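A short reminder: the numbers here are calculations on the coordinates, not readings from a lab. Just so it is clear, the model here is predicted, and its values are computed rather than measured. Cβ: placed from backbone, ideal geometry, glycine included. Neighbour counts: every protein chain shown.
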Amino acid sequence: MMNIHQILKKLPHRYPILLVDRVLEVEKGVSIKAIKNVSINEPFFNGHFPHRPVMPGVLMLEALAQTAALLAFETLGVTPDENTVYYFAGIDGARFKRPVEPGDQLTLKVKLDRMKAGIFKFKAEAWVGEELAVEADLMCTMRSIS
């Protein structure tokens, strides 16, 4: 379990792009479950769409990637510093199953599929209640910058 203060120590993201509110469970090297509370106050709802606010799919994928990063950091037992960046390396099989609207709570479920040569592969899903909202296979990598 991780609260927002612990998440802020692990992820470099800040408002408005920090998209993980709490980690409910984490099993190092295996899986993680987190939540994102979706509020009408999110800045993207002003333009997506004014008449029917819907969370952009790319931001749902970003929330899953941030959750995957937290799993990677926990698995490796590291806390990234300002010289470490966690990048997307690929997104495969992304499928959007239901719109996510203000008031929804996204449950972010990520499983580590493979870790080799600094590349992490994950199976990721985001749920609203009992309904699958999005699923994808994610590839991410950590890089040192200077």
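Brief remarks on what is shown
- Cα-based helix-to-principal-axis angle, 57-76 vs the chain, degrees rounded to 10: 30
- By the count of other C-beta atoms within 10 Å, a proxy for reagent exposure, 60, 115, 139 are ordered fewest to most as 115, 139, 60.
- Comparing 111, 123, 28 in a Gaussian network model of the chain where C-alpha atoms under 10 Å apart are linked, the largest mean-square fluctuation is found at 28.
- Integer Hz, Karplus 6.51/-1.76/1.60 couplings in order for the stretch 78-95, x for Gly and Pro: 10, 10, x, 10, 5, 9, 10, 10, 10, 10, 5, 10, x, 9, 10, x, 5, 9
- One chain, two ends: residue 85 and residue 1. Fully extended at 0.36 nm per residue, the span grows by 27.9 nm beyond their Cα-Cα distance.
- Distance between the pseudo-spin-label points of residue 48 and residue 98 (7 Å out from Cα toward the beta carbon): 2.0 nm.
- Where a label projected 7 Å from the Cα of residue 119 along Cα→Cβ would reach, residues of the stretch 71-92 with amide N under 20 Å: 71-73, 76, 85-92
- In sequence order, the stretch 128-140 has phi-based couplings of 10, x, 9, 9, 6, 9, 7, 9, 6, 9, 10, 10, 9 Hz under the Karplus curve 6.51 cos²θ - 1.76 cosθ + 1.60, θ = phi - 60°, and Gly or Pro positions carry x.
- Stretch in the chain that is longest and holds no GluC sites (Glu not before Pro) that DSSP places in a loop and that have at most 12 other beta carbons within 10 Å: 1-81
- The string of couplings for the stretch 119-124 from the Karplus curve (6.51, -1.76, 1.60, θ = phi - 60°) is 10, 10, 10, 10, 9, 10 Hz, one whole number per residue in order, with x for Gly and Pro.
- Computed over the Cα atoms of the stretch 40-146, pair by distinct pair, the Kirkwood hydrodynamic radius stands at 14.8 angstrom.
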